Amino acid sequence: MKCPACGYRATRSRRTGQLYCARCGWGTDDFRPEVAKKKRRTARARRVDVTFLTVLALWVMSGAIVYAFYWFVFSAVRVERSAQNILLFAVALGVYALAGWVFRPEVDPEKLGMAGNMLIDNPFTLSDDIERFKLVFLIVCYPGRIMAGAVVGLFRLVGQSFGRKEPPPRPNR
């Protein structure tokens, strides 16, 4: 349940069983409605500002990644700069970003190497090799995840600014 005063998630007291808000004090003796309104406005503005700065930083990093890939393909490898090759490059970057966003392998450090150490390969277990492959795949796909995060963050920022005024409620865990 959300707090009726500030919109923050209300918490149930284990001792008394009553609902209260940890942000504005609703449900307790020190509840002040004017503080709840002020906190609600400043929290929404702060969330949009942080999101904007995060998206801006992701776009700067994405631009650096795309420029590095572009330089490598068209300058270091010396591929001809034709419209077909540039379109193929853009499609390949889109697929790479999608793969980086979709595939997020979980690496278990306990299965990496002998004695819990990544430096020593354990030749007797297959799970060690699988975990090493997942780690390398995670490192290789991470720039694509940054590029996709910039695009997704931009759409979330636009949706938050022009769409719903309240963010969707978080599920209670």
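The values are calculated or read from the model by the stated rules, or taken from the named source; none is laboratory data. All figures in this text were calculated on a predicted structure; none of them were measured in a lab. A quick note on method: Cβ atoms are made from the backbone with ideal geometry, for glycine too, and the neighbour counts reach across all protein chains shown.
Sort out which residues of region 122-163 are of a type in the set (Gly, Ala, Ser) and surrounded by 14 or more Cβ atoms within 10 Å (Cβ to Cβ), and write them in order of number.
Hits for region 122-163 are Gly144, Ala148, Gly149, Ala150, Gly153.
Kindly provide the set of residues from region 65-87 that are assigned to a helix (DSSP H, G or I) and among the aliphatic types (A, V, I, L, M), ordered by number.
Result: Ile65, Val66, Ala68, Val73, Ala76, Ala83, Ile86, Leu87.
Select from region 77-101 the residues that are within 24 Å of Val152 (Cβ to Cβ) and touching a helix residue (DSSP H, G or I) at 6+ places or on another chain (Cβ under 7 Å) and write down the one among them that is surrounded by the most Cβ atoms within 10 Å (Cβ to Cβ).
Per the criteria, the residue is Ala97.
Go through (1) within 20 Å of the chain's Cα centre (by Cα); (2) at pLDDT 90 or above and name the single condition Asp49 misses.
Going through the list (1) within 20 Å of the chain's Cα centre (by Cα); (2) at pLDDT 90 or above, Asp49 breaks only (2).
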